[in-house]
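Report on one structure; see the data block that follows.
Where a number appears in this text, it was derived from the coordinates with a stated rule and is not lab data. What you see is a predicted model, and the numbers here were worked out from it, not measured in a lab. Because the Cβ atoms are built from the backbone with ideal geometry, glycine has one as well, and the counts that use them run over all protein chains shown.
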Amino acid sequence: MNSPKRGSAERRGGRAARASSGKAPELFTLGGVRLVRQGVDETAKLGPKHLALLVYLFHEARPMHPSEVTDLLGRGQEEDKETEGLTRAVTWLKENVPGINIRLTGETVEAFGGVTLDTREVDTAIDGGDPGHVEELYVGEFLEGFESGAPAFDEWAQKERGRLKRAWNHAMLSAARDAERRRKWELAAAWWAVLVARAPMRAEAVAGLLGRWPIRASRTKRPAPTPTTRSDLRNLE
């Protein structure tokens, strides 16, 4: 099981650096929302509706009826006008963001590959039992600070935000408890520190950290570092 990696600021920079080398667009939705293509941040040229449409289509990654999207992002207009608005938005994206492939017909709308999505990477890391990668990717909450202007979309985003946060929390708790079972006290303390850093008022995380730090200090015979400092503990396994 991987260990915690560097702090969030370093991780965010690392992800941006990796994004610069890819040709396909990359959609970052954790800790805000950004669209990066070939190292260039193109978020500013997209309006909230375009960003929300991209996020929903690529996050859901399935064919859906156009009415599902217009119900989510529409403005309560007549069906024909909502459909026209969706058509214009899809056309604009395909013409102005190379690499975006969206098919829209009268019966279906679907986004096809070619875009890297950070939440998909998080889900893959969770399914693969890789908490170190989960912690590295989860640099903030889903669509943090993003306002789409569409209440139905924001409600969907809130639910997905909660799902991802619970999944991250479970992955970190499992990593801490697994380290304790293996009597890897320094590693366990590091995982508890990750939880405390994001949820300082959570009693279970604070208790876990305080319970492991003295053990870590006594066994390593070194002064225990402050819990607010994340060390790179790749070699603790």
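What is region 111-198 by shape, rounded, prolate or oblate, if you read a ≥ b ≥ c off the alpha carbon gyration tensor as root eigenvalues and call it rounded for a/c under 1.5, prolate for a/b larger than b/c, and oblate otherwise?
Prolate.
Taking the Cβ of GLY74 as the centre, find all other residues whose Cβ is under 13 Å away and add up their charges (Lys, Arg: +1; Asp, Glu: -1).
Working: positive: LYS49, ARG75, LYS81, ARG88; negative: GLU68, ASP71, GLU78, GLU79, ASP80, GLU82, GLU84.
Combined, the nearby Lys, Arg, Asp and Glu give -3.
Are there any GluC sites (Glu not before Pro) in region 98-170 that are in a DSSP loop and have at most 14 other Cβ atoms within 10 Å? List them by number.
Listed in order of number, the matching sites are GLU107, GLU144, GLU147.
If I take R0 = 30 Å and measure r between the Cβ atoms of GLU84 and LYS23 in this structure, what FRET efficiency does the formula 1/(1 + (r/R0)^6) give, to the nearest 0.05? Please report the intermediate quantities before stating the final value.
Numbers: r = 32 Å, r/R0 = 1.08.
In this case the efficiency is close to 0.40.
Given R₀ = 35 Å, FRET efficiency for HIS65-GLU147 by Cβ-Cβ distance, to 0.05?
Values: r = 26 Å, r/R0 = 0.74.
It comes out at approximately 0.85.
HN-Hα J couplings of region 78-83 from phi, Karplus 6.51/-1.76/1.60, θ = phi - 60°, integer Hz, Gly and Pro as x?
These are the phi-based 3J(HN,Hα) values: 4, 4, 4, 5, 5, 5 Hz.
Take the Cβ-Cβ distance between ASP123 and ASN101 as r, set R0 to 22 Å, and report the resulting FRET efficiency rounded to the nearest 0.05.
After rounding to 0.05, the efficiency reads 0.55.
For region 45-52, take each phi angle, set θ = phi - 60°, evaluate the Karplus expression 6.51 cos²θ - 1.76 cosθ + 1.60, and give the result in whole Hz per residue in order, putting x for glycine and proline.
3J(HN,Hα) across region 45-52, in whole Hz: 7, 9, x, x, 5, 5, 5, 4.
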